[in-house]
Amino acid sequence: MNRKQEKVAVIGAGSWGTALAIVLADNGHEVRLWGHNADQIDEINQTHSNKKYLPDIELPVAIKGYSSLAEALTGLEIIVLAVPTKAIREVIRKMVACNPEPFTIVHVSKGIEPDSLLRISEIIEQEMPESLLMDVVVLSGPSHAEEVSLRHPTTVAVTSKNMVAAEAIQDLFINHNFRVYTNPDIVGVEIGGALKNIIALAAGISDGLGFGDNAKAALMTRGLAEIARLGTKMGANPLTFSGLAGIGDLIVTCTSVHSRNWRAGNMLGKGQSLEEVLDNMGMVVEGVRTTKAAYQLSKKYDVSMPITNILYDVLFNGVNPKAGVESLMGRMKTNEMEDLVNILGERTTDTIN
């Protein structure tokens, strides 16, 4: 396909940022990959590898590593923000201090900030001066970095308040390995991407306890109902949760050994403490912070989220994982279809009003 060749900075040289840099380089773009570790940047430039995060992957020569944020941002209009949720504010402030030209931010992280309860796009809008920020586009969906870097078939969704900007980013990324769909529901895409990490933690715990496929299927199905209940109450379209940013991302994150959240939950289910798990992982587990945020959101919006509540107690209140599962199974009986009726009813009411 004919596409405009762009200069793009990817901010964050972890596994996901590097994998997306590969996609962009494959599409003929000039890619600047920024990281704060000088040795890692030297490795990217000298050996075209990033072995800590993507072992055995040769990086395209079109990817240039940068340790200077100011240099990475010079003379471009598109920035891919691929840092953990907890680092978003700090990195944005550093970007603003570089006094760059106005640009579009494509954020590819999946989380919600505890206490403020802001989605990542809202954090970006809060921190970025209007004079610098052209648009915020969200890229999300079922996409392990390890598989994207191998050019395995992957599908994702992009969304924005400005769908013209979303379509431009669709054109930037799409190729025969990496298919990109647009979705106008920015709330639903961000909520689905963030909250599936909670359910993946729970699925990992279930597997760690040896409960098998029945239990995991139940957690995924009822977990999706929780995500849809909260997301719809926050203004999302319930249909989003049956798409890539909903059930698609939920499936891949709950069932794959590539998933950090599943692996962390699996360790918890096998008896490790949260501190031990996070030390052993050596990478950010977004679902831990997001569990706290989702718990707070469930209280704010008065939404029933039993899986989230139990996981919150396991992570932060010392509840034994097995006891938590038993508590879930012992809840009062209810009608499965009530969730669907309530979700669609709220959406219909909102539309009418």
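The values are calculated or read from the model by the stated rules, or taken from the named source; none is laboratory data. Not measured: the values here are computed from a predicted model. For neighbour counting, all protein chains shown are included, and Cβ atoms are generated from backbone atoms with ideal geometry for every residue, glycine included.
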**OP:** Answer yes or no: is there a residue in the stretch 210-220 that is under 19 Å from the mean Cα position of the chain (by Cα) and either outside any loop (DSSP other than H, G, I, E, B) or of a type outside the set (Ser, Thr, Tyr) (or both).
**Re:** yes
**OP:** Give Val10, Val23 a once-over and let me know the one that is buried (at least 21 other Cβ atoms within 10 Å of the Cβ), touching a Gly at 6+ places or on another chain (Cβ under 7 Å) and not charged (D, E, K, R).
**Re:** Val10
**OP:** For residues that are charged (D, E, K, R) and loosely packed, with under 14 Cβ neighbours inside 10 Å, scanning just the stretch 37-68, find the one that is modelled with the lowest pLDDT.
**Re:** Asp56
Original post:
Could you list, in sequence order, the residues of the stretch 240-259 that are in a helix (DSSP H, G or I) and without any contact (Cβ under 8 Å) to a residue 40 or more places away in the chain?
Top reply: Ser242, Ile247
Original post:
So which of Arg179, Arg229 is within 29 Å of Leu274 (Cα to Cα) and either part of a strand (DSSP E or B) or not aliphatic (A, V, I, L, M) (or both)?
Top reply: Arg229
Subject >> Arg151 being outside the structural domain of Glu286 (by TED's automatic domain parsing), basic (Lys, Arg), touching a residue at least 40 places away in the same chain (Cβ under 8 Å) and over 28 Å from Arg289 (Cβ atoms) >> reply: yes
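Among the listed residues Tyr301, Tyr295, identify the single one that is closer than 23 Å to Ser116 by Cβ, free of Cβ contacts under 8 Å to residues at least 40 places away in the same chain and in the same structural domain as Ala323 (by TED's automatic domain parsing).
Selected residue: Tyr295, the only one of Tyr301, Tyr295 that is closer than 23 Å to Ser116 by Cβ, free of Cβ contacts under 8 Å to residues at least 40 places away in the same chain and in the same structural domain as Ala323 (by TED's automatic domain parsing).
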